[in-house]
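A quick write-up on the structure given underneath.
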Amino acid sequence: MANKNKARKRELSLWIEGARLRTLPLAIAPVAAGYGAAAAAQGAKPGLALLALAVALFLQIGVNFANDYSDGIRGTDATRVGPLRLTGGGHVKADKVKRAAFIFFGLAAAAGIAIVLITQIWWLIAVGLAAIIAAWFYTGGKSPYGYAALGEVSVFIFFGLVATVGTAYIQLGYFDNNSIIAGVAMGALSSAVLMVNNIRDIDLDRHVGKKTLAVRVGKNWSKAIFLILIWLPMLIWLLFAVLYPATFFAIGAILLIAPATLIVLTAKTPKELILVLKLTSFAALAYGVLLGWGLSVVAVSG
């Protein structure tokens with residue numbers, strides 16, 4: 001009995017690690033920013049925002065399992081540096097990982113359908129389907145676009161603009177300028193996370209034929225793109241800070257962005273960039289939450 005309990009705990013810990021919970025800040029941050037934009041426009045609806053958060057979280061976990069499965073069966077994860085890979089590491093059967101991916105895609109779809117039924121905005125179904133298709137074919141299928149230098153573009157669109165603008169839209173019923181600008185910032189930060197991940201894996205990806213943007217442009221240009229992506233939100237922050245003083249506190253993200261920048265510029269080994277992944281993810285979370293809070297203060301004070 002004791003051995004069975006240990007085995008179950010071990011299996012559970014594997015699934016939790018395979019879900020890559022450290023990536024979840026990238027799902028939370030844009031929803032927080034979108035909720036703040038809706039609040040600033042006097043249209044916040046917490047129930048819908050929570051459903052949007054459920055969509056983002058389930059989709060992110062689904063993406064993580066889908067990538068684990070697809071990269072694993074291709075063999076591109078066999079010697080990769082970083083978090084545990086369920087499929088590539090041989091810890092869990094590939095079919096089980098694939099099934100887990102689609103379970104979480106299904107949960108994301110269920111939360112999305114609830115949003116559609118409440119708001120009666122039926123074209124959102126097409127957006128949801130596009131998000132799930134994009135999530136699967138990032139590394140799945142015969143010609144995954146993540147292997148063709150389009151990963152950062154997809155992340156910018158879906159975990160930046162769609163997540164932020166969409167969260168505000170379902171509450172307000174129209175496209176809000178603050179959410180669009182914030183969506184650009186959140187998309188840049190999410191893309192920065194993927195970029196540094198691909199810089200870390202550039203040599204292995206080049207070896208296995210995975211032509212990420214980092215592989216296409218080389219390490220030096222990749223670092224330059226990363227720096228643009230991670231600092232662009234701070235320029236956008238200046239605009240918000242002038243118009244909405246309470247968003248000033250989003251400057252706290254710089255405490256994570258600055259060390260991430262320093263490490264990227266000085267790192268000699270791939271392992272050093274693992275910390276940059278964490279710093280950038282939490283910078284996105286800090287930025288999105290503090291920006292959203294600052295915008296929501298406008299509604300309260302108003």
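Computed from the coordinates by the stated procedures, all read-outs in this text should not be read as laboratory data. None of the values given here were measured: they were computed from a predicted structure. Heads up, the Cβs are rebuilt from the backbone with ideal geometry, glycines too, and the neighbour counts pull from every protein chain shown.
Between the alpha-carbon centres of the stretch 95-141 and the stretch 170-192 there is a gap of 20 Å.
The ranking of Met234, Met195 from fewest to most other beta carbons within 10 Å of each one's beta carbon is Met234, Met195.
Compute the helix-to-body angle for 124-137: its Cα long axis versus the longest principal axis of the chain, expressed 0 to 90° and rounded to tens. On a 0 to 90 degree scale, this one is about 30. How far apart, in nm, are the 7 Å Cα→Cβ label points at Ala114 and Leu243? That separation, rounded to one decimal, is 3.2 nm. Taking the fewest neighbouring Cβ atoms within 10 Å as the starting point, the ordered list for Tyr145, Tyr169 is Tyr145, Tyr169. The overall shape of the stretch 87-165, judged from the alpha-carbon gyration tensor, is oblate: a/c is not under 1.5, and a/b is no greater than b/c. Cβ-to-Cβ counts within 10 Å put Phe248, Phe240 in ascending order as Phe248, Phe240, the fewest first. Computing Rg and the Kirkwood Rh from the Cα coordinates of the chain gives a ratio, Rg/Rh, of 0.98.
Mean sequence separation of contacting Cα pairs (under 8 Å, at least six apart), scaled by the length of the stretch 25-301, corresponds to a relative contact order of 27 percent.
Over all pairs of different C-alpha atoms in the stretch 41-197, the reciprocal of the mean inverse distance, the Kirkwood hydrodynamic radius, equals 16.3 Å.
With point charges of +1 on the Cβ of Lys and Arg and -1 on the Cβ of Asp and Glu, referenced to the Cα centre of the chain, which listed residue (Leu50, Phe248, Gly34) lies farthest in the positive direction of the dipole? Towards the positive end, the residue furthest out is Leu50.
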